[in-house]
Amino acid sequence: MRSDLLIIAGASLLLSVSCTETIEQKNLLPLAEPEYATKVVKMSEKYEPKSFLVKFESVPTQEQLQSLVSEGVSSINPVFVSVKGKEALEAQFGLDRWYSIDVNDPEKLDDVMLSVASQGFVSTVEYNSLSEAPTQKAIPAYQEVATKAEDSPFNDPLLIDQWHYRNMGSAAYSRNAVKGADVNVYDVWKNLCTGDPSIIVAVIDEGIKYTHPDLAANMWKNEGEIPDNGIDDDGNGYVDDIYGYNFVRNSGQIVWTDDAASGHGTHCAGTIAAVNNNGKGVSGIAGGTGNNDGCRLMSCQIFCDSKYSTMANEVAAVKYAADNGASVISCSFGTPTKIPSDNAYGEEIMVDALHYFEATKNNNAIDGSIAIFAAGNENDNFCHYPGALYDIIAVSAFGPDFLPTYYTNYGNGCNIAAPGGEAYHVSGSFKSMVLSTVPSELEPLLADGHGKSDYGYMQGTSMACPHVSGVVALALSYAQKQGKHFTNDEFKRMILSSVNDIDQRISKTTEKTYAYYQSPLKMAPYFHQMGTGAIDAWRLMMKIDGIPTSTASAGEKQWVDLSPYFGSASVSLTYLDVEVPQATIDALGLQKVEATSGDAAIVSKDGYAVVEYGRLYIHPTKVGSGKLTIKAVGGGDHLGGGDNPTGGFEISSEVSIVTRSFKSTNGGWL
Amino acid sequence: MKKQILFLFATISMLFAVSSCNEIEEPKLETLIIGTWDLNGVQFTKSATIGSETISVTVTFNQDGTFALTQVIGRGRAVDFAGTYTLTGDVLNGKYSDGATWGSQYNVAIEGTTMTMTSVTGGDIYSYVKK
C-alpha cells in the first residue's frame with residue numbers, strides 16, 4: 001500500500017516543482033524524507049486541518065499516549081466508541097487502535113503528524129479527509145391530485161410518478177421511457193414481502209426529517225434511550241440518541257434545516273422506506289403496507305452546518321450503525337479521486353470500519369450486514385472509493401430510458417446499476433428524476449408558485465444507491481420470512497446476479513441526446529461498465545426462494561441458459577472458471593466438448609464443460625442430475641482487491657442440472 | 001363389533017357397485033384422466049435415477065382440454081405452467097400457453113389411482129398418483 005502512495009506523492013511533488021519552482025531551484029536535491037514519513041497518508045487535498053487520525057501497532061498504553069502529547073497536541077481520543085460485548089469484534093478489525101489527535105495550530109499539522117509517525121508503536125497516520133456535502137435542491141412534487149393506477153399495490157397518490165419502481169414506458173415521465181427500466185418491485189410487494197421492522201437501514205448522510213408525515217412511522221427509535229435527559233440511558237456511548245446521531249454536532253438531535261441542508265438524506269430515506277399505503281405521498285421500496293410493518297430508518301448524520309463531512313465522523317457513523325442494529329448502511333458519499341487499486345486506497349480507517357460493519361450480525365437472514373455506496377456523479381470511468389473497494393457494493397445510475405445517465409461514474413469498481421433519474425433529458429421533464437420525500441422547510445427549486453412540498457425530485461448515483469439499499473432491506477425481510485439463511489458472500493453474490501441486462505440497448509453507435517446539451521452523449525464507453533446489470537427485486541426474491549435447476553436432454557450437445565443463475569446480464573459477464581466434479585461427469589455421462597470462440601471461452605479443466613457467449617455448453621449422455629460451479633466477476637472485467645487495479649469481486653453460482661430424455665423449450669416438466 | 005359390521009356392509013356395497021359397473025361400459029381414458037395427479041415416481045430407461053434432486057410435479061387435467069402444472073425441480077421455487085392437451089387413443093400430447101410444445105408425447109395407462117405416462121421420446125416412464 002505504502003509504495004503506491006509514495007509513487008502518487010512523488011508524482012504530485014514532481015508536478016508542483018515543474019509548475020511553480022524556478023529553474024535554479026529545480027537543480028537542488030530535495031532533502032531525503034525519513035522512512036517513517038511513509039506512514040503518513042493523504043488521500044485528499046481536502047482535509048480537516050485541526051485533527052488527524054492515528055492507528056497504533058497495538059492498543060496503546062497510557063505511557064505511549066502520553067508520549068505523543070507535545071506542544072502542538074491539544075487532545076488525544078479514541079475514534080470509536082467501544083460497546084460492551086463488542087470488544088472482541090472491535091479488536092478483530094483494529095477499531096480499538098484508532099485515535100484522533102487534535103492540534104493547537106493547523107499550520108503545524110504536518111509537523112505534528114510527522115512527529116507522531118516517528119514513533120515505532122504508531123502504524124499509520126491519516127489526514128482527516130473531507131467528503132463534499134450534497135448541494136442539489138429538490139424540484140417539488142405536489143399531491144393535490146390523488147391518482148392511482150388500477151393495479152397499484154398501494155394508495156400512495158404519488159406512486160404513479162415513481163417510474164423507478166415500475167416503469168411502464170410512459171411518456172408522462174420521459175418521451176424515451178423504456179418499459180422495465182426500474183427495480184421491478186411491484187410483484188414483490190403484491191405477492192411476497194413489503195418489509196420487516198426488524199431490518200434497519202442506516203442512512204449515513206444529512207439528517208433524516210424524522211417527523212416527515214411519510215417517514216415518521218418507519219423511523220428506527222432507540223427504545224433504550226430517554227429523550228433529552230442528558231444521560232446515555234442505554235449505555236451505547238451516545239447521549240439522547242433517539243432516531244440516530246448527529247456526529248457533526250456530537251448530539252442526539254438530528255437536524256434537517258441547518259444552513260447546509262439540501263434534503264438529501266430525507267430523499268434517500270424515502271426511497272428506502274417511505275411508509276406505503278398510508279394514502280400520503282410516495283412509496284418506499286421496503287416501506288411496509290401501512291400497518292407498522294416497514295423496514296426501519298436510522299439517521300446517521302455526517303453532513304451538517306458545513307459543505308463537508310470528516311472521515312472521523314463517517315467511520316464513527318458506520319460503527320454506530322453496526323452497534324445499534326442496522327443491517328444495511330446506505331452511503332451516498334465518497335472520494336471523487338481516481339485510486340488505482342484497493343491497496344492504494346489509504347483510508348485504512350474506513351476499510352476497518354466497513355469490515356467491522358459487515359461482520360456485525362443484526363438480523364437472522366445473513367451472517368453480517370451489507371454496505372451500499374454510490375459510484376459518484378462525475379461521469380468518470382472510475383468509481384469513488386470506498387464504494388470501489390472490491391468487496392463493497394457500489395451503484396451506478398440509469399435513467400428511465402434504461403441507458404446510463406450523463407453524470408454516472410462507470411467502469412471498474414461499479415458493481416450494479418439502479419435508477420438514478422436524469423433531469424430534463426430527452427423528455428424535457430423533471431419527472432424523469434427520482435421522486436421521494438424531502439423536508440418541506442427547505443426552499444425548493446422551480447416551485448412555480450406552488451410553494452414548498454414534502455416531496456420532490458432529485459437525481460444522482462446518490463438516488464441510485466438507496467434503491468439498492470431498499471431492495472437489499474426487502475430481500476433480508478423476505479429471507480427472514482422464509483426462514484432462509486445465507487453467508488454475507490452468498491448474499492452479495494445473489495444481489496449482484498439478480499439483475500437485468502443494462503447493456504442490451506448500448507451499441508457502438510448508440511448516442512443519447514439531451515434537451516439542453518449541444519452534443520449527444522456516446523454510450524459505447526459504458527458497455528459492460530455499469531456493473532453486472534440493473535438490480536431486479538423480483539429476481540433477488542426468487543434467488544432467496546431457491547437456486548433454480550436447469551433441465552437438459554441426454555444424448556445431444558446443447559447450450560444451457562445461465563440467466564437463472566447470473567441474471568439476464570449473464571451474456572456480458574466476464575467468466576473466470578467452470579468446475580465440473582467427477583461425480584457430475586459420471587452422473588450425466590458428460591462427453592468432452594470444444595469451444596467455438598477461442599480464447600474468449602472458459603473451458604473446464606478436463607474439457608467437459610465450456611462457458612462462452614454467456615451460456616454453458618455440455619454434452620450429457622445419461623439421464624440423472626449433477627452440479628457444477630461457475631465463477632464470474634461482479635463489478636468490472638477482472639477481480640479487484642489488493643494490488644490489482646480497481647475491479648470487482650468473484651461471484652460464483654452452483655448450477656444444478658437435471659437431464660431427461662427430452663426437454664421442453666420453456667422448462668416445463670411435460 | 002359394530003365397526004366390523006359397518007365395514008362388512010361397506011364392502012358388500014362396494015361389491016354391489018362394482019358388479020353394477022360391470023354391466024355398463026368401462027370408463028374411457030378421456031374420463032379417467034380428469035383430475036389432479038402428483039408425480040410419485042420416475043423410471044428412466046437410459047440409466048440412473050433422478051440423482052440427488054427431488055422433483056415435485058402436480059398436474060391437473062380438466063374436462064375442457066386444459067391443464068395446469070406446478071413443478072419444483074431440485075431446490076428451485078415452484079413454477080406454474082398451463083396449456084391445453086389432447087388425448088388420442090392412449091397418446092397424450094399438449095402445448096403450453098406460451099406456445100411451447102411439450103418435450104414429448106406420452107402413452108398413457110391408468111389403473112385405479114395410478115397413471116403411467118411413458119414418453120414416446122426416449123421411453124422414460126413417469127408414474128402419477130391421483131389426489
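The values are calculated or read from the model by the stated rules, or taken from the named source; none is laboratory data. Note that the coordinates shown come from a computational prediction; the quantities given were computed from them, not determined experimentally. Neighbour counts are summed over all protein chains in view; Cβ atoms, including those assigned to glycine, are modelled from backbone coordinates with ideal geometry. Heavy atoms of the whole protein, side chains included, go into the accessibility calculation; ligands, DNA and RNA do not. Shrake-Rupley method; radii C 1.70, N 1.55, O 1.52, S 1.80 Å.
The figures follow:
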quantity	calculated
Filtered residues of region A:90-105 (kept if surrounded by fewer than 19 Cβ atoms within 10 Å (Cβ to Cβ) and of a type outside the set (D, E, K, R))	A:ALA91, A:GLN92, A:ASN104
Qualifying residue in region A:398-407 (condition: open to solvent by 10 Å² or more (accessible area, probe 1.4 Å), under 19 Å from the mean Cα position of the chain (by Cα) and under 21 Å from A:GLY180 (Cβ atoms))	no
Residues located in region B:12-61, provided they are part of a helix (DSSP H, G or I) and either at the interface with another protein chain (Cβ under 8 Å from one of its Cβ atoms) or modelled with pLDDT of 85 or more (or both)	B:LEU29, B:GLU30, B:THR31, B:LEU32
Matching residues, region A:512-533, being surrounded by 22 or more Cβ atoms within 10 Å (Cβ to Cβ) and of a type in the set (S, T, N, Q)	A:GLN529, A:THR532
The lone exception for A:PRO548 - which of (1) at pLDDT 90 or above; (2) in contact with a Pro (Cβ under 7 Å, 6 or more places away or on another chain) it fails	(1)
Residue count, region A:637-670 (criterion: within 7 Å of another protein chain (Cβ to nearest Cβ) and aromatic (Phe, Trp, Tyr))	2
Of residues in region A:578-629 being acidic (Asp, Glu) and open to solvent by 50 Å² or more (accessible area, probe 1.4 Å), the one farthest from A:SER656 (Cα to Cα)	A:ASP599
Within region A:534-559, considering residues that are over 30 Å from A:HIS467 (Cβ atoms) and more than 9 Å from every other protein chain (Cβ to nearest Cβ), the one surrounded by the most Cβ atoms within 10 Å (Cβ to Cβ)	A:ALA552
Members of region B:64-84 that are at the interface with another protein chain (Cβ under 9 Å from one of its Cβ atoms) and in a strand (DSSP E or B)	B:PHE67, B:LEU69, B:GLN71, B:VAL72, B:ILE73, B:VAL79, B:PHE81, B:GLY83
Residues (in contact (Cβ under 8 Å) with a residue 40 or more places away in the chain, assigned to a loop (DSSP other than H, G, I, E, B) and either at positive phi or open to solvent by 30 Å² or more (accessible area, probe 1.4 Å) (or both)) located in region A:175-192	A:ARG175, A:ASN176, A:VAL178, A:GLY180, A:ASN184
Complete set of residues in region B:85-131 that are facing another protein chain (nearest Cβ under 9 Å) and of a type in the set (Asp, Glu)	B:ASP98, B:ASP124
Complete set of residues in region A:302-317 that are within 19 Å of A:LEU53 (Cα to Cα) and buried (at least 21 other Cβ atoms within 10 Å of the Cβ)	A:ILE302, A:SER309, A:THR310, A:MET311, A:ALA312, A:ASN313, A:GLU314, A:VAL315, A:ALA316, A:ALA317
Residue within region A:634-650 that is more than 20 Å from the chain's Cα centre (by Cα) and in a loop (DSSP other than H, G, I, E, B) present	yes
Options A:ALA609, A:ALA569, A:ALA600; residue that is away from chain B (no Cβ under 14 Å), in contact (Cβ under 8 Å) with a residue 12 or more places away in the chain and within 27 Å of A:ALA464 (Cα to Cα)	A:ALA569
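Each row is one residue, and each column tells you yes or no for (1) crowded, with 20+ Cβ neighbours inside 10 Å; (2) at pLDDT below 95; (3) not aromatic (Phe, Trp, Tyr).
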| residue | (1), (2), (3) |
| --- | --- |
| A:ALA464 | yes, no, yes |
| A:GLY470 | yes, no, yes |
| A:LEU474 | yes, no, yes |
| A:ALA479 | yes, no, yes |
| A:PHE491 | yes, no, no |
| A:SER497 | yes, yes, yes |
| A:ASP501 | yes, yes, yes |
| A:GLN504 | no, yes, yes |
